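See structure below.
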Amino acid sequence: MPISKIRWALGSLAALMLAFPAHADGQEEKRLVSPIVVTGDSGSAVLGLAYEFKRKSSRDFSNPAADGGDDWEEIDTDKLEWGYTLKGTITGDPENNPENFMEFDLFLNYVKLADLKSISDCQSITCDPWQHQFGGVYKYEADQSLDDKQTVLGLRYLSHYGFRVPGTYKTSSDLYLSVAFGEVTPIADGERQQILGDALEPFNRWDLQALYKVRVDQLLGDYAEDLELSYRYFSEVDAPEVIEQAELDRFGHAKAVLNLKNNMFIAYTDGELPLDRAADSTFKLGWNWDLAALGL
Amino acid sequence: MSYEWRNNLACLATYKILSGQNKMDQFDSEDYPLAQAGDLKLKNLRFRITSTSNFDGYEAKPTALMFFRALRDDYSPKKEQREMTSEQFLGELIELFASDEKTLTDLASTVDRFCKFEDEF
């Protein structure tokens, strides 16, 4: 897809948002910091801090005029959301950080949600529809030391499918998909500069992620909650041959997280990210820590 | 004045839908008995994705839809005010499930604000 079309689509989305009353009718804020212990291939343990800060506003355009009845109508949501997310991992020594990745994400999304079926109408695990979200995103990506950095302007599609346990309102497992396509503009990138020279040209990139979340308490016992398996894949479109030969055109990153009770988790990651190119396997044992609970 | 976790239909429905093994099964009632469940944070329920934030809290949306469906099927509440819409109610539910601070008490408060139960007809 030509970049001019991505820019056109993003501009159209922004114009659509501005064409309606500008104030948001919903807001959400998130501040999360998780202390973690990370071990890499070298076997050395690193104490780190994973952080995420987020602010999101939304405006719902689907509110039909109330029909005056007392009964709740079926859901058919059309909504715009916009905001930012800042996330990453900090360790004392950036060189020993196996997750040397920081992202600032500015987004504008169109959200479509459809009503779920009642128990009487849901007799199989595939009775519910996919839920969708589509939008534009502008991201700033950097490694923790800020030596390598780049921006990404693109379009992103998110969807969810829940495999429902018949006769209940719970799912046995959930599948989440994220597909993004955008223009990457390198600001500083030591490895690409070594190969291509000082003139770092923008390039197009696919960013795909699939996440499967499955309940495991029946299988592993009461202390285990669920298992999250995810794989993220980045692929540069029409990469120059020298970039392909240097294996800088494709990156894959797999992650498995076993969530335990009391916010504890065990995680295993393997692979590379675009700005964390040292192929590495890491094992983590950690817990989530809520800043708000400390009054911060 | 802040909402109190108490023995009314809004709190009871919230608790039973979220904890029931044949409902949403989001936490174990043995860990959080009814009287002590009001302070339980929604971010600690089972639906939350913890391994990546690449989905931007997207999991709150299907969870809110499921809660809304269960509430209508099991308790058949009416609108507290005729002008209210399902979209408004769902929007507030999504914000609650996406929040890191909100609790079951906050969820029950929203349910009570939007819904009229049979003991109020």
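Of the residues making up the stretch A:197-211, those that are surrounded by 15 or more Cβ atoms within 10 Å (Cβ to Cβ) and among the charged types (D, E, K, R) are A:Arg205, A:Asp207. The strands (runs of 3 or more DSSP E) found entirely in the stretch A:234-296 that carry 3 or more residues being modelled with pLDDT of 75 or more are A:250-260, A:264-273.
Might you check whether a residue that is without any contact (Cβ under 8 Å) to a residue 24 or more places away in the chain and open to solvent by less than 40 Å² (accessible area, probe 1.4 Å) occurs anywhere in the stretch A:136-145? No. State whether the residues of the stretch B:71-82 include one that is acidic (Asp, Glu), without any contact (Cβ under 8 Å) to a residue 40 or more places away in the chain and in contact with a strand residue (DSSP E or B) (Cβ under 6 Å, 6 or more places away or on another chain). The answer is yes, given that some residue of the stretch B:71-82 is acidic (Asp, Glu), without any contact (Cβ under 8 Å) to a residue 40 or more places away in the chain and in contact with a strand residue (DSSP E or B) (Cβ under 6 Å, 6 or more places away or on another chain).
Output the residue which, of all residues in the stretch A:212-227 that are of a type outside the set (D, E, K, R) and part of a strand (DSSP E or B), is least open to solvent (accessible area, probe 1.4 Å). Step by step, filter the stretch A:212-227, then rank; the result is A:Ala224.
Here A:Arg164 meets each of (1) among the charged types (D, E, K, R); (2) open to solvent by 30 Å² or more (accessible area, probe 1.4 Å); (3) farther than 14 Å from B:Glu59 by Cβ with one exception, condition (2). The lone criterion from (1) surrounded by fewer than 18 Cβ atoms within 10 Å (Cβ to Cβ); (2) more than 14 Å from chain A (Cβ to nearest Cβ) left unmet by B:Trp5 is number (1). Here the condition is being at positive phi and either within 11 Å of chain B (Cβ to nearest Cβ) or at pLDDT 70 or above (or both); of A:Gly26, A:Gly69, A:Gly83, A:Gly43, it holds for A:Gly83 alone.
If you check A:Ile125, A:Ile90 for being modelled with pLDDT under 80 and in contact with a Phe, Trp or Tyr (Cβ under 6 Å, 6 or more places away or on another chain), only one passes: A:Ile125. The single residue among A:Asp148, A:Asp128 that is in contact (Cβ under 8 Å) with a residue 12 or more places away in the chain, open to solvent by less than 40 Å² (accessible area, probe 1.4 Å) and closer than 29 Å to A:Thr91 by Cβ turns out to be A:Asp148.
Residues in the stretch A:228-268 that are of a type in the set (A, V, I, L, M, F, W, C), open to solvent by 50 Å² or more (accessible area, probe 1.4 Å) and closer than 22 Å to A:Lys284 by Cβ: A:Leu229, A:Met264, A:Ile266.
The values are calculated or read from the model by the stated rules, or taken from the named source; none is laboratory data. Here the structure is a predicted model, which means the values were calculated and not measured. Every residue, glycine as well, gets a Cβ built from its backbone with ideal geometry; the counts of neighbours run over all protein chains shown. Calculation scope for accessible area: heavy atoms of the full protein, side chains included, ligands and nucleic acids excluded. Shrake-Rupley method; radii C 1.70, N 1.55, O 1.52, S 1.80 Å.
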